[in-house]
Structures are given as structure tokens and as C-alpha cells.
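To start, the structure under review is shown below, and the notes come after it.
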Amino acid sequence: MALAKIVYASLTGNTEEIADVVAEALENLNIDVTVDECTQVDATEFEEADICVVATYTYGDGELPDEIVDFYEELQELDLAGKIYGVCGSGDTFYDDFAKSVDDFEQAFEKSGATKGADSIKVDLNVEAEDIDNLEDFAKKLVTALG
């Protein structure tokens, strides 16, 4: 059975909820899933997964959350060729750089050689019903990309 690893950073709980929605959707598609908070794991653990997902919030004016910076830097040094990746996260449309950390992680995964399995999902603050539908579709696309 394929393994998906989801790593998240969450300050208010919104992004943790996003990670949980994606995890449940993947489990419903018969994928083994592990979910970890970003300070509890190393990016190298993605080397053991088939699907690699980062769920992050964006802090202030487009900054990465402090707690995920080391993970982000480590991710860019990995060779994840053959892995499928997806990025999702939360932000606040009040800011000009809405959910910019999602874009930053897209670029980090591209540097790692991983294959994009689904377009990124950006949630404005709290997860709403439409966001759940989008996140479930995101999970389906990641599994489809496995082949």
C-alpha cells in the first residue's frame, strides 16, 4: 500500500484541520497516512513516502512560519525524484501575499525533483464546506498521479 506523509505548521489550528481533511481523504482512497507537526520530523522522512504533502500557514506579510523554516531549508536539499507532492495551507486575503508560504513550498519541492500531483490549495482562514471539497479533490489528484 502506498504511503503519504503530511507535515504541517499550524498556529491557530486552521492548518492542522486542513492536514486532517487531506489525511482522511487519502485514507478513504486506501493510502496509508502519517501526519506530523513540522517540528517533530525531519524532511528526510519524505524519502520513505510515495506522496509528500506540506500544509502550512503564512505569517504576517508573506513570511514562512518560524517553526517550519528549518524543514523548508532541509527539503530543498533532498532528492525526491519519483515522489508525488502537493502543498496546501491557510492564509488571510487581507494580506497582499495571500498564503505565500504555499508557493514557497511549491518551489522547494520543485528543487527536490518531486513531481507535482495536484495544484496547490489555499484556504482563506477557516476551512469551509467548499474548502473540504477542494481538499478531497486535491487528495484524489495526488493518488491519481501515483499511477
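The values are calculated or read from the model by the stated rules, or taken from the named source; none is laboratory data. What you see is a predicted model; the values in this text were computed from it and never measured. Here Cβ is always computed from backbone atoms with ideal geometry, including for glycine, and neighbour counts include all displayed protein chains. Accessible surface areas use protein heavy atoms only, side chains included; no ligands, DNA or RNA. Shrake-Rupley method; radii C 1.70, N 1.55, O 1.52, S 1.80 Å.
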Cα to Cα, under 13 Å, and not fewer than 8 places away if on the same chain: which aspartates and glutamates meet these conditions relative to Lys140?
Glu24, Glu27, Asp119
Asp70-Tyr95 pseudo-label distance in nm [points 7 Å out on the Cα-to-Cβ vector]
2.2
Ignoring ligands, DNA and RNA, what percent of the accessible area of the stretch 1-64 is carbon or sulfur (1.4 Å)?
39
Most mobile of Leu11, Leu78, Leu26 per a Gaussian network model of the chain (Cα springs, under 10 Å)?
Leu11
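Which percent, to the nearest 5, of DSSP beta bridges fully inside the stretch 35-132 are antiparallel? Working shown, then result.
Working: 1 of 14 bridges.
Taking every DSSP beta bridge within the stretch 35-132, about 5 percent pair in antiparallel fashion.
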Let me make sure I get this right: for the stretch 86-147, a, b and c are the square roots of the gyration tensor eigenvalues over alpha carbons, sorted descending. Under 1.5 in a/c it's rounded, otherwise prolate if a/b > b/c, else oblate. Which is it?
oblate
Per GNM of the chain with C-alpha springs under 10 angstrom, the most fluctuating residue out of Phe105, Phe71, Phe46 is Phe71
Which of the following values of Cα Rg over 2.2 N^0.38 Å was calculated from the structure shown: (i) 0.93; (ii) 1.68; (iii) 1.35?
(i)
Cut-off under 5 Å, modelled amide H: who pairs with Val123 long-range
Gly89, Ser90, Gly91
Phi-derived 3J(HN,Hα) across the stretch 22-35 with the Karplus relation (6.51, -1.76, 1.60, θ = phi - 60°), rounded Hz, x for Gly and Pro, is 5, 4, 5, 5, 5, 4, 5, 9, 6, 10, 6, 10, 10, 10
